[in-house]
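Participant: Here it is, the structure in full.
The values are calculated or read from the model by the stated rules, or taken from the named source; none is laboratory data. Because the structure is a prediction, the values reported are computed rather than measured. Note: ideal-geometry Cβ built from the backbone for every residue, glycine included; neighbour counts use all protein chains shown. These accessible areas exclude ligands, DNA and RNA; they are computed on the full protein's heavy atoms, side chains included. Shrake-Rupley method; radii C 1.70, N 1.55, O 1.52, S 1.80 Å.
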Amino acid sequence: MRRRKERIDRGIKVRSGDVFALCSWREMLYLAAPRMLPIVGLLVLSLALSVYWQRVLLSVSVFALLAISWDILAQSGMISLGQALFFGSGAYLAGIMNHYWGWPPAVTIPLATIFGGLLCTLLLTPVLRLRGIYFSMVTLVLPLMLVRIVEATRIFGGTEGLSGLASFPTRWVEIYLIIAALLAALFGFRRLMDSDFGLVLKGINDNDRSVMNAGINIYWFKIQALFIASSVGAFAGAFMTHVYLFVGMPVFALDYSILPIAAAVVGGIGTLAGSTLGAFILVPLSEILRGLGGLRIVFYGLFLVIFTVALPEGIFHYVQRKYHQFERWAEVER
Amino acid sequence: MSDFPLLGVRRLYKNFGGVQAIQDLNFELAEGELLGLIGPNGSGKTTAVNLITGFVKPAQGEILYRGRDITAWPPYKVVRLGIARTFQMVKPFYQLPAYKNMIIPLYSPRVKQMTGGKYGDRNAVALDLLEEVGFERDALVAYKAASALPQGYLKRLELAKAIALNPDLMILDELFSGLSLAEVASILPIIEKLRQQGKTIIMIEHRLKELFRIADRVIVLNFGQKIADGNVADVMESREVKNAYLGTE
């Protein structure tokens with residue numbers, strides 16, 4: 001029996017340009033498996049993990065959402081250094097609605113998501129004309145300013161924050177809500193960015209003059225992308241408020257801005273799946289390194305450098321390429 | 001039809017720092033005309049186009065489209081009125097297939113207006129438009145990544161993107177530059193066809209021989225000033241044009 005190596009994807013792709021024509025269960029599995037992996041993986045993880053690691057999974061999912069939010073903006077030509085603005089706005093809005101008006105999480109989270117998104121969009125719309133680093137600087141500064149405003153005016157509990165907020169009924173609600181949100185964001189926005197609407201956003205990133213020249217108001221499209229991204233971040237913030245039962249100045253911390261970027265860069269920019277993967281690597285890594293005490297940051301930094309030097313394209317792109325190049329043995333003659 | 005010319009440019013000035021890019025430019029363009037805009041390098045041709053399409057704001061002067069003042073309008077609004085342009089330096093989405101590059105103009109509100117609200121399948125429309133500019137329907141070329149296409153096809157893609165907007169006035173900025181004679185010869189019939197459809201066209205060109213075969217009228221710029229305006233034969237006989245192109249004797 002003689003054999004030769006053949007690539008699995010070629011047969012699938014050759015049969016049609018854009019649409020995959022699947023001819024067997026095996027081929028269906030080839031396409032479905034990578035998409036099923038996060039769904040099945042998250043469900044299994046949620047059941048298999050200890051209570052402590054379940055908390056880590058919450059935090060992972062929140063950072064994954066922030067990284068997705070960052071990636072949506074980056075794909076639309078806006079490099080944000082201030083995911084903390086989105087996170088903090090959502091967190092404070094949920095906290096305020098719960099603390100002052102006593103609304104339950106089922107009401108505060110959806111409202112904080114929408115109004116957090118609107119608030120951030122309003123704050124950033126005036127600077128949408130700025131490009132590159134100038135836009136980034138404003139996003140970096142805004143959350144820092146908001147912290148000082150809370151501190152100086154002592155509104156919303158000032159430095160103490162608002163505590164004793166309502167919690168979710170059980171930790172299972174917590175964990176499945178955030179898993180559902182993460183999967184919905186990952187698959188939903190991946191689809192959106194692959195649609196014609198997403199193509200226009202990527203076009204703005206690539207060559208905004210050419211998009212303007214098609215009679216498209218690029219600022220209106222940027223505003224829409226900004227609203228989508230900031231709503232995702234605000235949801236994450238509102239969710240965490242009801243997990244910590246507290247909201248205060250730390251929600252505007254730099255961690256919420258920087259870690260999502262690190263996750264997106266390590267995982268791979270431009271796919272959303274990469275950002276998610278990055279968060280799933282970096283956040284647990286940081287937990288594992290906790291035992292090292294003071295040296296934790298050193299090792300953490302070292303890992304970041306190793307990842308970015310060894311795989312500058314991002315882990316996801318590397319894995320995806322290898323998967324597409326995967327070969328099997330096929331019979332030539334017996 | 002209105003009494004106004006399709007396009008009117010009046011006393012237009014633009015300077016970049018101390019450089020006078022455009023000085024006192026005046027001209028009118030009638031519906032259906034094909035105007036050649038020529039001049040030596042740096043004479044202000046592209047700046048004039050940028051001013052008309054809103055990519056650059058004039059220091060002084062006004063631009064009228066069908067009698068309506070569109071001076072300093074943002075580009076996307078100018079396009080929605082029916083003025084489409086191509087860029088001299090084509091910059092497609094290199095990683096996307098050629099036909100996907102057509103999606104952005106097809107997403108334009110201008111296109112939605114023209115076809116009564118919506119376009120059915122944008123991909124299908126994209127392929128139709130590409131066929132019009134010479135992407136053979138049965139060949140794979142429309143499906144190839146833009147990065148894999150030769151310059152001739154990229155220029156056609158740029159032209160198709162402008163045609164997709166169904167403009168009344170098309171401004172083609174050095175469409176022929178960098179193309180072989182054969183490639184130019186294959187694009188000329190497309191432009192003839194656009195003219196038959198009643199489109200008004202401004203062409204910036206350095207390839208004068210080809211331009212003169214199709215142009216009704218030529219405007220010559222030099223150092224931002226109009227030095228000649230008229231039909232091809234008269235303009236090329238003008239002493240000033242000879243000086244500008246060949247240097248003073």
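Participant: Taking +1 at the Cβ of each Lys and Arg and -1 at the Cβ of each Asp and Glu, which of B:GLN88, B:LEU130, B:VAL141 sits farthest along the dipole of the range B:88-166 towards its positive end, judged by Cα position relative to the Cα centre?
Facilitator: B:GLN88
Participant: Starting from 0.36 nm per residue, how many nanometres of slack lie between A:LEU49 and A:GLU313 once their C-alpha separation is accounted for? Can you show the working numbers first?
Facilitator: On the way: separation 264, 0.36 × 264 = 95.04 nm, distance 3.09 nm.
Gain on stretching A:LEU49 to A:GLU313: 91.9 nm.
Participant: Cα to Cα, under 27 Å, and not fewer than 8 places away if on the same chain: which lysines meet these conditions relative to A:LYS202?
Facilitator: Within reach: A:LYS13, A:LYS222, A:LYS322, B:LYS57, B:LYS77, B:LYS91, B:LYS100, B:LYS112, B:LYS118, B:LYS144, B:LYS155, B:LYS161.
Participant: Also, I was wondering about something else. Ignoring ligands, DNA and RNA, what percent of the accessible area of the protein assembly as shown is carbon or sulfur (1.4 Å)?
Facilitator: That fraction is 61 percent.
Participant: Still on this structure: So how tilted is helix B:122-132 from the main axis of chain B? Cα-based, degrees 0 to 90, rounded to 10.
Facilitator: 60 degrees
Participant: Placing +1 at every Lys and Arg Cβ and -1 at every Asp and Glu Cβ, with all other atoms neutral, what dipole size does the range B:1-55 have around its Cα centre, in debye to the nearest 20?
Facilitator: I would put it at about 320 debye.
Participant: Further question: Suppose we keep just the DSSP beta bridges with both residues in chain B; what percent of those would be antiparallel, to 5?
Facilitator: Just about 55 percent of them are antiparallel.
Participant: How high is the relative contact order of the range B:88-166, given as a whole-number percent (alpha carbon pairs under 8 Å, six or more residues apart)? Please report the intermediate quantities before stating the final value.
Facilitator: Working: 88 pairs, mean separation 37.1, N = 79.
For the range B:88-166, the relative contact order is 47 percent.
Participant: When the dipole is taken about the Cα centre of the protein assembly as shown, and only Lys, Arg (+1) and Asp, Glu (-1) are charged at their Cβ, what size is it in debye, to the nearest 20?
Facilitator: On the way: 58 positive and 45 negative charges, 229 e Å.
So the magnitude is around 1100 debye.
Participant: Give, in nm to one decimal, the length gained when the segment between A:GLU287 and A:TRP220 is fully stretched (0.36 nm per residue of separation minus the Cα-Cα distance).
Facilitator: Extending this stretch completely gives an extra 20.1 nm.
Participant: Next question. Quick check: pseudo-label points 7 Å beyond the Cα along Cα→Cβ at B:ARG213 and A:TYR323, how many nm apart are they?
Facilitator: 5.2 nm
Participant: Calculate, for the protein assembly as shown, the solvent-accessible area per residue in square angstrom, rolling a 1.4 angstrom probe over the heavy atoms of the protein chains.
Facilitator: That works out to 47 Å² per residue.
Participant: What accessible area, summed over both chains, is buried at the B-A interface (1.4 Å probe, Å², nearest 100)?
Facilitator: 1900 Å²
Participant: Just report the Cα centroid separation between the range A:100-136 and the range A:248-284, whole Å.
Facilitator: Centre-to-centre (Cα) distance: 19 Å.
Participant: Counting Lys and Arg as +1 and Asp and Glu as -1, each charge on the Cβ, what is the dipole of chain B about the Cα centre in debye, to the nearest 20?
Facilitator: 820 debye
Participant: Separate question: Need one number: % antiparallel among DSSP beta bridges in the protein assembly as shown, to the nearest 5. Let's see the in-between values first.
Facilitator: Working: 28 of 44 bridges.
Rounded to the nearest five, the antiparallel share is 65 percent.
Participant: Roughly how many nanometres apart are two label points built 7 Å out from the Cα toward the Cβ at B:PHE223 and B:LEU188?
Facilitator: Result: 3.5 nm between the two label points.
Participant: Taking Cα atoms, how many degrees apart are the long axis of helix A:218-244 and the longest axis of chain A, rounded to 10 and kept between 0 and 90?
Facilitator: 70 degrees
Participant: Go ahead and estimate [θ] at 222 nm for the protein assembly as shown from helices alone: -39,500 (n - 2.57) per DSSP H run with n ≥ 4, summed, over the residue count, rounded to 500. It would help to have the intermediate numbers written out before the result.
Facilitator: Numbers: 24 runs with 327 residues, N = 583.
Per the formula, -18000 deg cm²/dmol.
Participant: Right, next: So how tilted is helix A:296-310 from the main axis of chain A? Cα-based, degrees 0 to 90, rounded to 10.
Facilitator: Between helix and principal axis, roughly 40 degrees.
Participant: Do any residues of the range A:174-196 lose at least 20 Å² of accessible area when the full set of protein chains is present rather than just their chain alone, and if so which, with a 1.4 Å probe?
Facilitator: Correct list: A:ASP196.
Participant: Right, next: Evaluate the relative contact order of chain A (contact order divided by residue number), counting alpha-carbon pairs under 8 angstrom at least 6 apart; express in whole percent.
Facilitator: Numbers: 501 pairs, mean separation 113.3, N = 334.
It rounds to 34 percent for chain A.
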